[in-house]
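**Student:** My structure is below; once you've seen it, I'll send some questions.
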Amino acid sequence: MPIVIVVARSATPAVDLPNPVSILGQATPISVHASDPRGIRNVFAIVEQNGASYPVWQMAQPSKAKEATWNFTAGVKTTPQLKDGKAKLIIKATSDDLLHRSARIERDVTVVTQPPTVSVDSDQHYLYVGMADLASFNVSGVYTAAGVRVGDQSYRAWPMPGGKPGLFSLFAFAWNMPPNTIPMVFASNGAGNDVTSPITVIFPKKEQPHYTVHDLQVSDAFMQKVVGELDPNGSGDMVARFVRVNTEMRKANNKTLSDLRFKTADHFLFSQTFARQSHSQAEANFADLRNYIYQGKKIDQQVHLGYDLAVTQHVGVEASNDGRIVWAAPLGIYGNCVVVDHGYGLQTIYGHMSHIDVHEGDTVKRGQIMGQSGMTGMAGGDHIHFAMQLDGVQIDPKEWWDPHWIQDHITKRIDAGMAPVSEAAYGSPKKQGHPARSRRHQ
Ligand SMILES: [Zn+2]
């Protein structure tokens, strides 16, 4: 079949970059992959800038291998003639046969010799464990990522609303963050330059929340309800199954919730204070530590990252604020669960519902009924598990129920177009009842 021969003869080597390259810094790592059934005679890389061409790398010797990957670095360190600005990275591969067929790829890159610089607002940021704050900052120079880093967590930077200059990040000081952690504004340019600048923080020692420890008695009925609902096909020891649900399923469910941070609007979807479920009594508070006691023995320990709000059975579950539904489905220990996005990575979570009346993608208004409360998932009584997360980290919602806090910490700093705050319009945040020894769970 002559056609087959023609096709085979006209084949050229293939060359590609397994990792995208957009920035050339001091010594930027680059991987090149090339393949040819006849082997590779030569692969080389050049950088073109302002009409000049600089060889930056060449393979050491011809290869009989059908494919190979080479790693090298390119940048100002080895090519000092490069200047900050646009350039082209060109890779050429030649096959190891008599015709020396070749392939060529070309990428637009930016040469960056200077790290970005960051300047942080001069505010004193009062931080409370488990809660949020907002920092504004400027980044100059070329950067590919910026935000606030707190320990091992990072919070995205967003452009100031209304086209104003600068950036801001909403960030949390997580409930389990070591207290001496200093939040840092960071900017990196993808050329190995990562600059940070600390935020000025004050930890009012006396006003830090004190998380409490509760013993939660696990009855046989509750254990059977949870295991039957969440591990219906499992077998073996009931206690082991219960603990596995409470530990592993909880962890997986929290990961799913955290990943919803990528489904967020790039502006606030609300203009008022967050509302707490009407007439509700808090039966468990944020970050309470729970010992699970079964037949007098402690079988597990978990941290409760929300409020258990009880009203009556099958009460209408109210959206805490305007937003868009990003989850409306069963979610393990949270039972039938709704997550509302409010923009900039801020989201509210409603668990244990008996019925969901909204769908992913729907927009909801503050106070809108999204379904009925219930006891699906790890719940021993009818209640709403209400929680909030910021860029995937669960935080104490209570600040967001407080119009003064929002005014002082958010609105004043970014002028986010929220309605002027007045006590009369929103009412003061309701007093939390002392959490009763809970018969309701997650
Ligand atoms: Zn709960």
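The values are calculated or read from the model by the stated rules, or taken from the named source; none is laboratory data. If you're wondering where the values come from, they're calculated on a predicted model, not measured in any experiment. Neighbour counts run over all protein chains shown; Cβ positions are idealised from the backbone, glycine included. We work out accessible area using only protein heavy atoms, side chains counted, and drop any ligands, DNA or RNA first. Shrake-Rupley method; radii C 1.70, N 1.55, O 1.52, S 1.80 Å.
**Student:** Filter segment 136-157 for residues that are more than 26 Å from Asp396 (Cβ to Cβ), among the β-branched types (Val, Ile, Thr) and in a strand (DSSP E or B) and give the result.
**Tutor:** Hit for segment 136-157 is Val139, nothing else.
**Student:** Moving on. Go through (1) loosely packed, with under 13 Cβ neighbours inside 10 Å; (2) in contact (Cβ under 8 Å) with a residue 40 or more places away in the chain; (3) farther than 30 Å from Thr212 by Cβ and name the single condition Ile91 misses.
**Tutor:** Here Ile91 meets the rest and fails (1).
**Student:** Filter segment 386-407 down to the residues that are polar (S, T, N, Q) and within 16 Å of the chain's Cα centre (by Cα), then identify the one that is farthest from the ligand (Cβ to nearest atom).
**Tutor:** Our first condition is that a residue be polar (S, T, N, Q); within segment 386-407, this holds for 389, 394, 407.
If we keep only those that are within 16 Å of the chain's Cα centre (by Cα) too, we end up with 389, 394.
Values: Gln389: 14, Gln394: 11 Å.
Only one residue tops the list, namely Gln389.
**Student:** Among what's in segment 161-195 and is in a loop (DSSP other than H, G, I, E, B) and small (Gly, Ala, Ser), pick the residue that is most open to solvent (accessible area, probe 1.4 Å). Full working, then the answer.
**Tutor:** Pass one, segment 161-195, residues in a loop (DSSP other than H, G, I, E, B): 164-166, 174-183, 189-193.
Applying the additional criterion that residues be small (Gly, Ala, Ser) yields 166, 174, 190-192.
On the way: Gly166: 21, Ala174: 1, Gly190: 52, Ala191: 15, Gly192: 78 Å².
Once the filter is applied, the top-ranked residue is Gly192.
**Student:** Considering segment 364-376 alone, what residues qualify as being more than 15 Å from the ligand (Cβ to nearest atom) and not in a strand (DSSP E or B)?
**Tutor:** Going through segment 364-376, the residues more than 15 Å from the ligand (Cβ to nearest atom) turn out to be 364-372.
Scanning segment 364-376 gives Lys365, Arg366, Gly367, Gln368.
**Student:** Could I ask something else about it? Restricting to strands (runs of 3 or more DSSP E) lying wholly in segment 279-363: which have 2 or more residues that are open to solvent by 40 Å² or more (accessible area, probe 1.4 Å) and closer than 24 Å to Asp215 by Cα?
**Tutor:** Working: elements: 281-284, 288-294, 297-304, 307-310, 316-318, 323-330, 336-341, 346-353.
Here the list reads 297-304.
**Student:** Please go through segment 103-135 and pick out each residue that is under 30 Å from Gln26 (Cβ atoms), assigned to a strand (DSSP E or B) and of a type outside the set (A, V, I, L, M).
**Tutor:** Selection gives Arg104, Glu106, Arg107, Asp108, Thr110, Thr117, Ser119.
**Student:** Right, another one. Is at least one residue of segment 415-432 more than 16 Å from the ligand (Cβ to nearest atom) and at pLDDT 90 or above? Write out each step before concluding.
**Tutor:** Going residue by residue through segment 415-432, those that are more than 16 Å from the ligand (Cβ to nearest atom) are 415-431.
Now drop any that are not at pLDDT 90 or above, which leaves none.
No, segment 415-432 contains no residue that is more than 16 Å from the ligand (Cβ to nearest atom) and at pLDDT 90 or above.
**Student:** Across segment 257-278, which residue is nearest to Trp405 (Cα to Cα) among those that are among the aliphatic types (A, V, I, L, M) and open to solvent by less than 40 Å² (accessible area, probe 1.4 Å)? Write out each step before concluding.
**Tutor:** We begin by selecting, within segment 257-278, every residue among the aliphatic types (A, V, I, L, M); these are 257, 260, 265, 269, 275.
Within this subset, residues satisfying the condition of being open to solvent by less than 40 Å² (accessible area, probe 1.4 Å) are 257, 260, 265, 275.
Details: Leu257: 25, Leu260: 25, Ala265: 22, Ala275: 14 Å.
Ranking the qualifying residues of segment 257-278, first place goes to Ala275.
**Student:** Also, I was wondering about something else. Just need a number here: residues in segment 16-62 that are assigned to a loop (DSSP other than H, G, I, E, B) and closer than 17 Å to Pro80 by Cβ. Explain how you work it out, then say what you get.
**Tutor:** So the first thing to find is which residues in segment 16-62 are assigned to a loop (DSSP other than H, G, I, E, B), and the list is 17-22, 25-27, 36-39, 50-51, 59-62.
Now drop any that are not closer than 17 Å to Pro80 by Cβ, which leaves 25-27, 50.
The number of residues fulfilling the criteria is 4.
**Student:** Continuing with this model, one more query. Determine which single condition Gln272 fails, assuming it passes every other condition in (1) assigned to a loop (DSSP other than H, G, I, E, B); (2) within 16 Å of the ligand (Cβ to nearest atom).
**Tutor:** Status for Gln272: all satisfied but (2).
**Student:** Out of all the residues in segment 196-218, which are among the β-branched types (Val, Ile, Thr) and not in a loop (DSSP other than H, G, I, E, B)?
**Tutor:** Filtering segment 196-218 down to residues among the β-branched types (Val, Ile, Thr) leaves 196, 199-202, 212-213, 218.
Hits for segment 196-218 are Thr196, Val201, Ile202, Val213.
**Student:** What about Ala379, is it open to solvent by less than 20 Å² (accessible area, probe 1.4 Å), within 16 Å of the ligand (Cβ to nearest atom) and over 25 Å from the mean Cα position of the chain (by Cα)?
**Tutor:** Values: open to solvent by less than 20 Å² (accessible area, probe 1.4 Å): yes; within 16 Å of the ligand (Cβ to nearest atom): yes; over 25 Å from the mean Cα position of the chain (by Cα): yes.
Against the criterion (open to solvent by less than 20 Å² (accessible area, probe 1.4 Å), within 16 Å of the ligand (Cβ to nearest atom) and over 25 Å from the mean Cα position of the chain (by Cα)), Ala379 qualifies.
**Student:** Let me ask another. Given the structure, is Gly361 under 21 Å from Asp259 (Cβ atoms), without any contact (Cβ under 8 Å) to a residue 40 or more places away in the chain and more than 16 Å from the ligand (Cβ to nearest atom)?
**Tutor:** Values: under 21 Å from Asp259 (Cβ atoms): yes; without any contact (Cβ under 8 Å) to a residue 40 or more places away in the chain: yes; more than 16 Å from the ligand (Cβ to nearest atom): yes.
Judged against the criteria, Gly361 is a match.
**Student:** Kindly indicate whether any position in segment 251-262 is within 16 Å of the ligand (Cβ to nearest atom) and among the aliphatic types (A, V, I, L, M).
**Tutor:** Yes: one or more hits.
**Student:** Hey, another quick one. Restricting attention to segment 41-88, which residues are open to solvent by 90 Å² or more (accessible area, probe 1.4 Å) and among the hydroxyl-bearing types (Ser, Thr, Tyr)?
**Tutor:** Scanning segment 41-88 gives a single hit, Thr78.
**Student:** Looking at segment 320-353, which of the residues that are in contact (Cβ under 8 Å) with a residue 40 or more places away in the chain and more than 22 Å from the chain's Cα centre (by Cα) is nearest to the ligand (Cβ to nearest atom)?
**Tutor:** Filtering first and then ranking leaves His352.
**Student:** Do you know which residues across segment 382-419 are assigned to a helix (DSSP H, G or I), open to solvent by less than 10 Å² (accessible area, probe 1.4 Å) and within 14 Å of Leu346 (Cα to Cα)?
**Tutor:** Residues of segment 382-419 assigned to a helix (DSSP H, G or I): 397-401, 403-414.
Going one step further and asking which of them are open to solvent by less than 10 Å² (accessible area, probe 1.4 Å), we end up with 397, 400, 403, 406, 410, 414.
The answer is Pro397, Trp400, Ile406, Ile410.
**Student:** Same structure, new question: Limited to segment 289-316, what total is found for residues that are of a type in the set (Lys, Arg) and within 24 Å of Gly374 (Cβ to Cβ)? First the steps, then the outcome.
**Tutor:** First pass over segment 289-316, keeping only residues of a type in the set (Lys, Arg): 290, 297-298.
Narrowing the set further to residues that are within 24 Å of Gly374 (Cβ to Cβ) leaves 290.
Number satisfying all stated conditions: 1.
**Student:** Output the residues belonging to segment 108-124 that are under 30 Å from Tyr211 (Cβ atoms) and either buried (at least 19 other Cβ atoms within 10 Å of the Cβ) or free of Cβ contacts under 8 Å to residues at least 12 places away in the same chain (or both). Walk me through it before giving the result.
**Tutor:** Taking segment 108-124 and keeping what is under 30 Å from Tyr211 (Cβ atoms), we get 120-121, 123-124.
Within segment 108-124, just Val120 meets the criteria.
**Student:** What number of residues in segment 224-256 are open to solvent by 50 Å² or more (accessible area, probe 1.4 Å), free of Cβ contacts under 8 Å to residues at least 40 places away in the same chain and of a type in the set (Lys, Arg)?
**Tutor:** Of the residues in segment 224-256, 3 are open to solvent by 50 Å² or more (accessible area, probe 1.4 Å), free of Cβ contacts under 8 Å to residues at least 40 places away in the same chain and of a type in the set (Lys, Arg).
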